[in-house]
Every structure is written in structure tokens, then in C-alpha cells.
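Data first, discussion second: the structure below is written as C-alpha cells.
The values are calculated or read from the model by the stated rules, or taken from the named source; none is laboratory data. Keep in mind that what you see is a predicted model, and the values were worked out from it rather than measured. Note: ideal-geometry Cβ built from the backbone for every residue, glycine included; neighbour counts use all protein chains shown. Ligands, DNA and RNA are excluded from the accessible area calculation, which covers all protein heavy atoms including side chains. Shrake-Rupley method; radii C 1.70, N 1.55, O 1.52, S 1.80 Å.
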Amino acid sequence: MRIEKDNITIRSAQAHDAKTLNAWWNDGRVMEHAGFPNGLGQPMEETLRQINENRNSINQRCMIEIDGTPVGELNYKIHSDKAAAFPGWKICETDYQNKGYGTKIILTLFEFLFTDEKINSLGKIERIVWDTTLENTRAQHVYESKIGATKTKVEENAWQDQLGVWRTAVHYEITRKQFYALHFPAVNKQQ
Ligand SMILES: CC(C)(COP(=O)(O)OP(=O)(O)OC[C@H]1O[C@@H](n2cnc3c(N)ncnc32)[C@H](O)[C@@H]1OP(=O)(O)O)[C@@H](O)C(=O)NCCC(=O)NCCS
């Protein structure tokens, strides 16, 4: 897949992205939010395998580029039987965080997930579901105040991180109706 919006590009990861992804995934500062404060410690072959596993799938792992520079990654899984998409994202280069890009990237991804013909031909996507950690107050602010998502559940001690520390998950969802009403009110009237 490939989406371009202003100076942001979201595109499927390819073999030549392995070096960049491997460096991010093995960096504890980048991976702390996902529960790996020491990084994944992943060999390059495994990174390549993960890039290749979604090559012919509806589920995708993507690079995020700003002005042509790789700054982060995202992924999504489609569960047509549940009419839902399950994405995740991270801006890995700190210089590009807190500048409004995350909000723009997430909204662009959501519009794609709700409109892409291939994804929606398997069953119309009615909601997008994801989670974050209790400590990630920036992410929660973005999801609640800027994306307009619904906090569906706070799940205490939902999972243990790499160091064995129990982490609390905060779950979010946005429905198709909610998304269009908030971000495309004119389109919403025709839905
Ligand atoms: C979470 C993330 C996607 C947000 O994207 P971003 O581009 O950094 O965020 P934006 O610039 O669009 O918005 C940041 C907002 O959070 C606010 N903010 C910054 N730090 C904050 C904090 N510690 N607590 C609460 N709000 C905070 C900013 O003031 C801004 O809000 P405002 O526009 O109302 O002033 C991005 O920072 C990221 O990828 N972080 C690293 C990995 C990660 O956390 N991924 C998400 C896991 S679920």
C-alpha cells in the first residue's frame, strides 16, 4: 500500500527497510512504550522475515516517511469477521514527535482503513481498535482530544514487559460513524 498526504508518505515496508527497522526495534528507547526497554535484540534475518510475512497479505507493516526520510512505522491487521481493523504506530525519530505529525498520520491511516476498496470489499470496516499503556499520557491525549476516540477500558496489569513489570493497558476505539462525524462532517451526511 502507499498513501501520500502533503509531506507524509505511508508505504508498505520492503527488504531495503530492514536495516532501519532492525535499528529501531533493537533500541530500548524506541521500544520502551511497547514493553521492550532493552530493545528486541533481534537478528536481521528475523526483521526480514517479519517484513516478508505480510507481503501478500491484507495486513501490512509500513514505513512512515516525512519529506522522504523514514521517521517511524505502523502496521494494521484486518479482521473482516469482526468488521474491525487493529492498527499500531510509532514515530521512532524523536525529532519528529510532538510536531503534529502523529495526529495527521493516524487520521490519514484511519481514512484509508475506512475507504480502501480492497480492505472494505472483504467486509466493511465499522470500527478501528487499538491500545496504549497507562504511562503513555501523550498518546492518550492525542487519541482522546485530537482523534476523538472512545476510551473503552482500562485493563490493570494486562501484560508483563521485558523486565517482568506489569503494565496497564488503555483500550481505544473509533467507529466509522464517529470518525466521519468528527473529521468529515460533510461526507458523514451522505453515509
Ligand atoms: C504517540 C504519538 C503517535 C503521538 O504523535 P505526535 O506527533 O508526537 O503527537 P502530536 O504532535 O500530534 O500531538 C501531541 C499532543 O500531546 C501533547 N503532549 C505532549 N506530551 C504530553 C504528555 N507527556 N502528556 C500529555 N500530553 C502530552 C502535546 O501538547 C500535543 O497536544 P496539543 O496539540 O493539544 O498541545 C508519537 O509521539 C509516537 O509515536 N510516540 C512514540 C511511540 C508511541 O508512543 N506510540 C504509540 C503507542 S500506542
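Per-peptide packing, taken as the mean over residues of other Cβ atoms within 10 Å, places 167-177, 37-47 in the sequence 167-177, 37-47 from highest down. Ranked by the mean number of other Cβ atoms within 10 Å per residue, highest first, peptides 81-89, 114-122 order as 81-89, 114-122.
Derived from the Cα gyration tensor, the three semi-axes of the equivalent ellipsoid of region 2-190 are 25, 21, 17 Å, largest first.
Quick check on the chain: helices-only [θ] at 222 nm, where DSSP H runs of length 4 and up contribute -39,500 (n - 2.57) each and the sum goes over total residues. Nearest 500, please. Don't jump to the answer; show the numbers that get you there.
Values: 8 runs with 61 residues, N = 191.
Calculated at 222 nm, the ellipticity per residue is -8500 deg cm²/dmol.
What the chain shows is 53 Å² of accessible area per residue, with the surface traced by a 1.4 Å probe over protein heavy atoms.
Checked against a 22 Å cut-off, the cross-linked pairs LYS153/LYS177; LYS90/LYS146; LYS99/LYS151; LYS99/LYS153; LYS104/LYS153 give Cα-Cα distances beyond that limit for LYS99/LYS151; LYS99/LYS153; LYS104/LYS153.
Over region 13-156, with every protein chain in place, what whole percent of the accessible area is carbon and sulfur at 1.4 Å, could you tell me? Could the numbers behind the result be given before it?
Numbers: 3460 of 7430 Å².
About 47 percent, which is the carbon plus sulfur part of the accessible surface.
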